[in-house]
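Worksheet: the structure to be examined is printed underneath.
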Amino acid sequence: MTKLDAKIPEGALADKWTKYRSSVSLVNPANKRSLEIIVVGSGLAGASAAASLAELGYKVKVFCFQDSPRRAHSIAAQGGINAAKNYQNDGDSVFRLFYDTIKGGDYRAREANVHRLAEVSGSIIDQCVAQGVPFAREYGGLLSNRSFGGTQVQRTFYAAGQTGQQLLLGAYSSLQRQVGMGNVKMYTRHEMLDVVTIDGKARGIIARDSVTGALERHFGHAVLLCTGGYGNVFYLSTNAMGSNVTAAWKAHKKGAFFANPCYTQIHPTCIPVSGDHQSKLTLMSESLRNDGRIWVPKKENDTRKANEIPEDERDYYLERRYPAFGNLVPRDIASRAAKERCDAGFGVGSSKMAVYLDYAAAIIRYGKGEANKNNMHNPSDEEIQAMGKAVVKEKYGNLFDMYKQITGEDPYEVPMRIYPAVHYTMGGLWVDYNLMTTVPGLYALGEANFSDHGANRLGASALMQGLADGYFVIPYTIGAYLAAEIRTPSMSTDSEDFVAAEKAVRDRLETLMNIKGNKPVDYFHKRLGKIMWDECGMARSAEGLKASIKEIQALQKEFWSDVKIPGEIDNLNPELEKAGRVADFLELGELMCIDALDRDESCGGHFRTEFQTEDGEALRDDEKYAYVAAWEYEKQSSFKLHKEELKYENIKIAQRSYK
Amino acid sequence: MEGNLNLTLKIWRQKNASVAGKFETYQVSGISTDMSFLEMIDVLNNRLIEEGDDPVAFDHDCREGICGMCSMYINGRPHGPNRGVTTCQLHMRSFQDGETITVEPWRASAFPVIKDLVVNRSAFDRIIAAGGFVSINTGNAQDANSLPIPKEDADDAFAAAACIGCGACVAACKNASAMLFTSAKISQLALLPQGKVEAAKRAEAMVAQMDEEGFGACSNTGACEAECPKGISLENIARMNREYFSATFSSK
């Protein structure tokens, strides 16, 4: 049995990273030039890692399935990025960011990793500003901050509702600079379909050129998976259509343990489902909870329009239940609270599966503020409305526009209807302190790994983690491995292992093409999504999970006998690409249910109905479940559990309270 | 049947770059006004698959208007009839029952067709690689607040940086010019002190790459601005021209 060694450095928490950086092995510049690194994925983690490693002198190859590295789904992140800068003088510190993140994660994240994340958070903002990322600024010319859920300080940096876009374009510009200099070779419209291991170490990948269908073998002294999360296992999620688990799942089948797969984040503020045609869900940024107030009618089954319901007949249930944090409770709590109200019959809209996010009060507050600033003593209601709407537009304009385009309703005039949707996955490949998986030489960065967010991620922390891993962690930690690889020459991709890996990939693609069944890929994906959402979504039970595992196994069989893939294997074939991804989701979904069933407690995004407090909060069991569940792939439908015990030496573990 | 729109679609089909393409006509029915344009194409594609035909290939990913991957020239306009909207955010309530909708790929020699509605936009990546960056290595940065930047400059830089690189500007332009795309990046960085150091070199290098890729010249028609889903302003082209001419006058 493999013993999980997280390789956490000795010493006091606050000194670990500093000491580590000063003692980790280095690779001299001449040797870096002959070491090759493969980076799969070009989002925040991948682009920042690839650019930083190329700047150091390594030879880097980057792969992405989109037509340009700038399309990676990090681009869609809206609200912001956290950093412990304390620019607002409101009591922030590295320790507080660390503490909030551990607590927000419901005490299921690894202390040392999270502290390191908080330590490097400030440098990320510095780096991005230096690249020309246009963060929001105050009139004095300095950076602006806003609040996010689960914190009581303002530490979130932002660029309107397009923070992810601006950060990714910053990382992309650094990446393209290295491409232009010849230090990075970029492979767009390429999908990684397997990891190649030789003598137990990751030595390369097999990739498919989506345009020609050709399979390619690529060698690397190390392979970095920066391939994002697996929320699309639910079919409907806020992820991009192409977001998938395939790279991580192939790594898993080659020996990388998959940690905490059942920890998924259901985001409370998304645009509700409008019909069966729906292909994806759209997030309305958490930053909207800064100013918006969430409510439902106090009366059950109230059919009046929102604007016709008087103030005293509205239930601002988050403010009622959680007065200390109000509308800014963490996501898991806000989501469950919305579900609770809708299930109890207080939901709104035609489906009754929605709650209101209301900007009326914020518009008036901002309007009055503007009137004061402009020295207007008796502004009319119209003037207040107009000025207030202008302020809201500057802060959230793109989000309001998007809401209007999707729903056909104007959120400046009527409250938005929102409902929780799958957004992020805290689980992922198990990594040690160096971000290395259980396969030597194979790393996982960003959302693809499991390490920093425990059972629930706080808002504005995903961008922080992706960039921390890429800019400031991997450039150091990869030295610990590569320093011992300087004598390994570049390997020929004609070796037996490469040839065998390519053949296995080809066989699988041909098998898929030859099923020639009756149903399109989407049919299976939708059915899997429904099982996952109903039984492994916001509320889970042992009974439901057990039944789901059987259902998913049956669905796997049906998929492999009845899927219909049109087109050719050696041409652009989006259906073939989708089929490969859905086949992997079908296996992952099973593991997620197995993991959720194993964890007889509720924590963060994992809510087992059997384990809750009297007032419906998650009931953790720290005696039995304060561990990371790392699953080893044995064979089809068979996974072995390894446990990494979580030790809290710097934080007193307690029941989370946001009251 | 979720809705009541019945539509005729004339869609460009082309197997790959080396063979000629042509329009094919398809009927779709029962389309809901709440569907996005791409979800309507999904409905068509799933039917084509069930009937044993090759579905229509098109680029798309985030489906929330920010990744810039979707394209489609709809009824003679990039991203369709609405202003400030990408194809993925275009909803079927913008169309009438019984309408005929023509769908083509971006047409520009610098964007060769890969298949059906999918084109190759890697020329944009090469323009950025030529100079669309600040030359700063990771770890060199000073404290983010050590350099105050007037809010107006930051806001203008942000407005230029909002470009999603979709290529609608090129598709809309009768000359297939990439001036709006290129100028947006040049402007963003020229407006900020971080980008000023290399401003002259950047303008020269990016314009040279743009020309090399085979994009056309600008004749100030303004179709690019009108069709840009992110409202990138023509002012950026004026700013780029200033940067470019002052760079070439002073270049050594």
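Derivation of every value follows stated rules applied to the coordinates shown; laboratory data play no part. If you're wondering where the values come from, they're calculated on a predicted model, not measured in any experiment. Heads up, the Cβs are rebuilt from the backbone with ideal geometry, glycines too, and the neighbour counts pull from every protein chain shown.
For a quick check: sort A:21, A:71 by the number of other beta carbons within 10 angstrom, fewest at the front.
Details: A:21 15, A:71 30.
Ordered by Cβ neighbours within 10 Å, fewest first: A:21, A:71.
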Shielding by partners - mean other protein chain Cβ count within 10 Å, residues of B:116-128: 4
Long-range amide H partners of residue A:620 with built H, under 5 Å: A:602
Amide H within-cut-off set for residue A:605, under 5 Å, with H built and near neighbours excluded: A:456
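Write down the percent of antiparallel bridges among all DSSP beta bridges whose residues are both part of the protein assembly as shown, to the nearest 5.
Approximately 70 percent, going by the DSSP bridge assignments.
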Amide H within-cut-off set for residue A:37, under 5 Å, with H built and near neighbours excluded: A:59, A:60, A:61, A:221
Centre separation in Å (Cα based) which lies between the stretch A:296-321 and the stretch A:212-279: 38 Å
At q = 0.09, 0.16 Å⁻¹, base-10 log of I(q)/I(0) for the stretch B:122-250 (Debye sum, equal scatterers on each alpha carbon): -0.25, -0.76
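What does the convex hull of the Cα atoms of the stretch A:288-420 come to per residue, in Å³, rounded to a whole number? Kindly include the intermediate steps, with their values, before the conclusion.
Details: hull volume 16.1 nm³, N = 133.
It is 121 Å³ per residue.
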Table column - 3J(HN,Hα) (Hz), the stretch A:146-157, Karplus curve with 6.51, -1.76, 1.60, x for Gly and Pro: 9, 9, 10, x, x, 9, 10, 10, 9, 10, 9, 8
Computed label-point distance, nm, for sites residue A:636 and residue A:253 using a 7 Å Cα→Cβ extension: 1.1 nm
C-alpha center-to-center spacing [the stretch A:1-46, the stretch A:625-639] in angstrom: 25 Å
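Counting only other chains, what is the mean number of Cβ atoms within 10 angstrom of the Cβ of each residue in peptide A:206-217?
Working: counts 0, 0, 0, 0, 2, 6, 2, 0, 0, 0, 0, 0.
If you average over the peptide's residues, the count of other-chain Cβ atoms is 1.
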Per-residue ³J(HN,Hα) for the stretch A:271-280, Karplus 6.51 cos²θ - 1.76 cosθ + 1.60, θ = phi - 60°, Hz, x for Gly and Pro: 6, x, 5, 9, x, 5, 6, 4, 9, 7
Rotationally averaged projected area of the stretch B:5-115 (alpha carbon convex hull; nm²): 7.0 nm²
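I need to check one value: relative contact order of the stretch B:122-250, counting alpha carbon pairs closer than 8 Å and at least 6 residues apart, in percent.
That works out to 34 percent.
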Cβ-based net charge around residue A:137, under 11 Å, with every Lys or Arg adding one and every Asp or Glu removing one: -3
q = 0.10, 0.22 Å⁻¹, the stretch A:448-542: log10 I(q)/I(0) [Debye, one scatterer per Cα]: -0.68, -1.07
Diffusion coefficient, µm² s⁻¹, Stokes-Einstein with Kirkwood Rh over alpha-carbon pairs of the stretch A:496-645 at 25 °C and 0.890 mPa s: 141 µm²/s
Per-residue [θ]222 nm for the protein assembly as shown (sum of -39500 (n - 2.57) over DSSP H runs n ≥ 4, rounded to 500): -11500 deg cm²/dmol
Inter-centroid distance (Cα atoms) of the stretch B:42-81 relative to the stretch B:218-252, Å: 30 Å
Charge dipole of the stretch A:288-420 about the Cα centre (unit charges at C-beta), most positive-ward option of A:334, A:402, A:356: A:334
For the stretch A:206-212, 3J(HN,Hα) per residue [Karplus equation, 6.51 cos²θ - 1.76 cosθ + 1.60, θ = phi - 60°, Hz, x = Gly/Pro]: 10, 10, 10, 6, 5, 6, 9
Nearest 10 degrees, 0 to 90: helix A:111-131 Cα axis against chain A principal axis: 80 degrees
10 Å Cβ neighbours from other chains, averaged over peptide A:165-173: 5
Using a Förster distance of 25 Å, the FRET efficiency for residue A:343-residue A:542 (Cβ separation, nearest 0.05): 0.80
Positive dipole terminus of the stretch A:501-646, leading residue within A:538, A:611, A:513 (C-beta point charges): A:513
Rg over Rh, two decimals, the protein assembly as shown (C-alpha only, Kirkwood Rh): 0.94
Unit charges on C-beta of K, R, D, E only; dipole of the stretch B:122-250, Debye: 80 debye
Tilt relative to chain A, helix A:574-598 - C-alpha long axis, 0 to 90 degrees, to 10: 70 degrees
Principal-axis tilt of helix A:13-23 within chain A, Cα atoms, nearest 10 degrees: 30 degrees
